[in-house]
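Coordinate-derived values only; no laboratory data. Since the structure is predicted, the reported quantities are computational estimates derived from the model, not experimental observations. Please note: Cβ atoms are built from the backbone with ideal geometry, for glycine as well, and neighbour counts cover all protein chains shown.
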Amino acid sequence: MPATSLFDRALRKSPWVFHVGTSGCNNCDIEIADCLTPRFDVERFGVRLVGSPRHADILLVSGPVSRACRAPLQEAWLEMPRPRAALLVGVCACSMGAYRDAYGVAGPADRVIREVDPEAKLVYVPGCPPKPETIIAGLVKLLGEL
Amino acid sequence: MEIERLGEWLFFYLVFPGAAFTLALGLALSWVDRKVGALVQWRQGPPPGQPFWDVVKLLGKEVIVPQPAWTGFLVLPFVACAAALLAATLVWHAALGLPGGALGDLVVVFYLLAIPGLAVVLGGAASGNPLAAAGASREMKLILGYELPLLMALLVPVFQQRLVEGRQVAAATLSLEGLVRFQELAGEAVYRPSGLLALLVALICCQAKLGLVPFDLAEADTELAEGALLEYSGPPLAMFKLTQAVQLATLPVLLVTVLWGGVERSPGGVATFGAKVLALVTLFVLIRNTNPRVRIDQALRFFWGPATAVAILALALARLGW
């Protein structure tokens, strides 16, 4: 589809986000919630948090993927209608951070998602936790990839 | 319906004041909804084109049909949207006093407006998802709750009677055109005690019909993950979003037509009408943003208790000539 099609423009103007917390420490979740507050207000860009992966365009993952969360995360990814992409927020989701080599984790989120969909489009937002500005910057980058 | 006027009816249904116009107005009003909601929270909110882009995006996305779903899962969203648009056409036709005589009366509009709610119930149940089933069951109970007081409130102008130039005038008709003409003759229904009570009850019922907080139990983002609409994606979801937008335009217009005098055919009259509709929508949004969600038993007790009692009181007052 050419980059100038109506649907392509609509996709960039209305990214709906489904948030999956994969056993993180909640620090990233607080920063993600910050993005919705008056100071940053991502609804200005049409971003909406939705309650069902079926409605979402972007899967937002925070936290290292524990073994218990591996299957639900993969399921959430597969339930999303195409075109879809994932935003990995925080160093844990990107590369497991402090949980590297821990016994209870199944791997960083990118590896877990690529197990079921090798072609998945991913954008990494490292930080512990990343600032809301960083998350928004990552989101903008992701919209360029869509 | 005469066959030579088919073109005119199609124009009414598809362009003005039906599909194209009502959709545009509905999307604009759902932007008002989100913008006012954002302003209440001291946020800037989405740009004006946001609902439009949302719908275009949903129309272009993949459709996923859950394995246990039957055909109705995909058909019902379109039925819901078509029914809402037909209801909108009938209401607008009467409100604007368009040529062509009476198209349908209050009862027809009332039934048509019930179809989107039923479509959500059936579609949610058809998806086979347990959360969607819970949402569908709540929506069903909510419909049982609000339909009774809403119908009674909308019947108030039918029973109203006035003294105009020394003789008693009563609407005594269910046709929307008749109600508009009665109000032109005898003054708007809402400026009598019975009409005011009716508008209050109808407002609260419409809040539930639109699925807005405090009656958003069927969609319940937080615990039911969008409830009955959970399994919908792509174009069918877009149809439900469009249906909601159409209802957001139709219900205030219906209330203004039945209780607040319809549209006077002059620039000032159109502006007044627009201001009334916008005022009702803003009221919906403010109620939505300043209240917590109620439980389903609380909602039912409210609709069958105080709301119905006030509606009965309004009917009695109307019959007594207030």
For helix B:130-159, report the angle its Cα long axis makes with the longest principal axis of the Cα atoms of chain B; keep it between 0 and 90° and round to the nearest 10°. 10 degrees
Amide proton proximity set for residue B:128, modelled H, under 5 Å, gap of 5+: none
Any chance you could give the angle, 0 to 90 degrees and rounded to 10, that helix B:50-60 forms with the longest Cα principal axis of chain B? 50 degrees
Separation in nanometres of the label points that stand 7 Å from Cα toward Cβ, at residue B:20 and residue A:119: 3.8 nm
Return the sequence-ordered ³J(HN,Hα) values of region B:252-261 in whole Hz as given by the Karplus equation 6.51 cos²θ - 1.76 cosθ + 1.60 applied to θ = phi - 60°, using x for Gly and Pro. x, 5, 4, 4, 5, 5, 6, 10, 10, x
About its Cα centre, what dipole magnitude does the protein assembly as shown give when the only charges are +1 on Lys and Arg Cβ and -1 on Asp and Glu Cβ, stated in debye to the nearest 20? 540 debye
Over chain A, with a Gaussian network built from C-alpha contacts below 10 Å, which listed residue (A:76, A:102, A:93) shows the highest mean-square fluctuation? A:102
Only counting other Cβ atoms within 10 Å, I'd like B:239, A:96 sorted with the fewest neighbours first. A:96, B:239
Please give the calculated 222 nm ellipticity per residue for the protein assembly as shown, where each DSSP H segment of at least 4 residues contributes -39500 (n - 2.57) and the sum is spread over every residue; nearest 500 deg cm²/dmol? -19000 deg cm²/dmol
Provide the gained length on full extension for the span residue B:151 to residue B:181, in nm with one decimal, where the gain is 0.36 nm per separating residue minus the Cα-Cα distance. 8.8 nm
Just to confirm a number: summing +1 for Lys and Arg and -1 for Asp and Glu over residues other than residue B:160 whose beta-carbon lies under 11 angstrom from that of residue B:160, what do you get? +2
Rounded if a/c is under 1.5, else prolate if a/b is larger than b/c, else oblate: which is the protein assembly as shown, with a ≥ b ≥ c the root eigenvalues of its Cα gyration tensor? prolate
Net charge of neighbours whose Cβ lies under 15 Å from the Cβ of residue B:107, counting Lys and Arg as +1 and Asp and Glu as -1: -3
Lys/Arg Cβ at +1, Asp/Glu Cβ at -1, dipole of the protein assembly as shown taken about the Cα centre: which of B:281, B:211, B:112 is farthest positive-ward? B:281
In peptide B:47-56, how many Cβ atoms from other protein chains are near each Cβ within 10 Å, on average? 5
Fewest to most Cβ atoms within 10 Å: B:259, B:185 sort as B:185, B:259
Gyration tensor on Cα atoms of region A:6-137, a ≥ b ≥ c root eigenvalues, a/c under 1.5 rounded, else prolate if a/b beats b/c, else oblate, says oblate
Chain B: relative contact order as a whole-number percent, Cα under 8 Å and 6+ apart: 28 percent
Give me a comma-separated list of calculated 3J(HN,Hα) values for region B:110-119, in order, Karplus coefficients 6.51, -1.76, 1.60 applied at θ = phi - 60°, integers in Hz, x for any Gly or Pro. 4, 5, 4, 6, 7, 5, x, x, 5, 5
Degrees separating the helix A:67-79 axis from the principal Cα axis of chain A, which is the longest one: 20 degrees
Quick one: order B:33, A:57, A:34 by neighbouring beta-carbon count within 10 Å, fewest to most. A:34, B:33, A:57
Considering only C-alpha atoms, what is the centroid distance from region B:99-174 to region B:203-266, in Å? 13 Å
